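Here is the structure we will look at.
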Amino acid sequence: MNPQIEKLYQIALKKERFIIGLMSGTSLDGLDIALCRIENAGKTTKISLEKFITMDYEDIFRTKVREIFAKRTIDQQLFSGLNAYVGITHANLINQALESWNISATEIDCIASHGQTVYHAPQSLTKDIGWPNSTLQIGDGDHIAIHTGIITLSDFRQKHIAAGGEGAPLAAYGDYLLFSHPTENRFLLNIGGISNFTFIPSHQSNLEAYATDLGPGNTMMNQYMKAHFDQEMDRDAMIAKKGTVNEPLLEQLLAEEFLTLEFPKTTGPELFNLDYLKEAQKRSETLDLSAEDIMATLNRFSAQAMINGIRRQALGLANFSVYISGGGLHNPLLFEYIKANLPDIKVESFATLGVDPDAKEAVLFALLANETLTGNKSNVEHIKDSPAVCMGKISLPE
């Protein structure tokens, strides 16, 4: 037997595993690296976040990825090179993190890498039934495995699509196993580039758990800040706070059909981008708005799309709470508006549930890897419109 296969088998048999979960979102702010200690699998899973760090990307990394991100026409040589480049970059950042933690690679059982999304194309978004659902994350797992010396699981979304899903969101799998509650119905709201929530019904409910995208989170605000201020984000909402929400523009931004579709559903920056903003400005005759007013309106647009989605699912539901994670949690204008406009609902940081809200997605990918190594698809059979599968391709370092 190949010794690496034997090692994989022994890892699966261990009482506990040390797994590094990685998340790199569409905001391109950095690589989230979460070192997790995980016992068991399925609903008996116990997970402890041992270490966490976000390693910033260099500007050249962001620039190169943006050359192909969410674009239909790209340079094929650049695209091919980036698949390896992102993998090598992520491997180097993992090695730096391990060194800073004084932890040897030999102490890590495996890496769970989300990769870097560059295009998301489910039929529901493209409206093109001539092609199957598809999504693409680059950052080759073999490069990570070779450059770290650690078994790597990657490319999780492809199995979801192959089994009949849309490739996103995947959070329902981990959320369902880790955060269900005997009496409380929970919305686990993640505000990344795109906003999404996982609805976790209480143990007493006959409703099904599911995850769904809602609409834009930070993506349009970040794109606008980069284009007009050469900044990665509106830190602390400083620009948006100076502006005034323009109601005609907001009305046009909220007119998108996607926002009214039934849950679950998925979307991406392929739809919600600066072209979408420009078209909404034309329809509302607001092309002359100040940058501050546009940012205030984009902030309100993201918040309102989330509020509308939560209220739709919460209609007639008793005893429910919203727990927020992701970069949008740090946008005070966004967070405060959501909380103020859900006055009858408990709205709190995900930290209330015992997990660093910035680490949540990386932790969930570590859990997905653990399920592939030692779990069973039956553990996630009761998630609405999500195939019961274990996900991730396995790359061996030797």
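The values are calculated or read from the model by the stated rules, or taken from the named source; none is laboratory data. Everything quoted here is computed from the prediction, not taken from an experiment. Cβ atoms come from the backbone with ideal geometry, glycine included; neighbour counts cover every protein chain shown. Accessible surface is based on the protein model in full, side chains and every heavy atom, while ligands, DNA and RNA are left aside. Shrake-Rupley method; radii C 1.70, N 1.55, O 1.52, S 1.80 Å.
For the residues Ile68, Ile103, Ile74, the requirement of being at pLDDT 95 or above, surrounded by fewer than 16 Cβ atoms within 10 Å (Cβ to Cβ) and in a loop (DSSP other than H, G, I, E, B) singles out Ile74.
Here the condition is being of a type in the set (Ser, Thr, Tyr) and more than 20 Å from the chain's Cα centre (by Cα); of Ser134, Ser100, it holds for Ser100 alone. When Ala34 is tested against (1) at pLDDT 95 or above; (2) more than 21 Å from the chain's Cα centre (by Cα); (3) not acidic (Asp, Glu), only condition (2) is not met. Taking each residue of the stretch 1-12 that is under 11 Å from Leu373 (Cβ atoms) and surrounded by 10 or more Cβ atoms within 10 Å (Cβ to Cβ) and looking for partners that are charged (D, E, K, R) and modelled with pLDDT of 95 or more with beta-carbon atoms closer than 9 Å, six or more apart or interchain, yields Ile11/Arg17; Ile11/Asp109.
So that you can scan it fast, the table gives a plain yes or no per residue for (1) crowded, with 24+ Cβ neighbours inside 10 Å; (2) under 25 Å from Lys7 (Cα atoms); (3) at pLDDT 95 or above:
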position: Asn133; (1), (2), (3): no, no, yes
position: Asp142; (1), (2), (3): no, yes, yes
position: Ile146; (1), (2), (3): no, yes, yes
position: Thr152; (1), (2), (3): yes, yes, yes
position: Ile161; (1), (2), (3): no, no, yes
position: Leu170; (1), (2), (3): no, no, no
position: His181; (1), (2), (3): no, no, no
position: Asn185; (1), (2), (3): no, no, no
position: Leu189; (1), (2), (3): yes, no, yes
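Answer yes or no as to whether Ile307 is over 23 Å from Gly167 (Cα atoms), open to solvent by less than 30 Å² (accessible area, probe 1.4 Å), at pLDDT 95 or above and over 21 Å from the mean Cα position of the chain (by Cα). Criteria not met by Ile307. Against the test of being among the hydroxyl-bearing types (Ser, Thr, Tyr) and surrounded by fewer than 16 Cβ atoms within 10 Å (Cβ to Cβ), the options Ser284, Ser290 yield a single qualifying residue, Ser290. Among residues of the stretch 326-347 being crowded, with 21+ Cβ neighbours inside 10 Å and in a loop (DSSP other than H, G, I, E, B), the one that is nearest to the chain's Cα centre (by Cα) is Gly326. Against the test of being modelled with pLDDT under 95, open to solvent by less than 30 Å² (accessible area, probe 1.4 Å) and closer than 24 Å to Ala211 by Cβ, the options Phe263, Phe272, Phe301 yield a single qualifying residue, Phe263.
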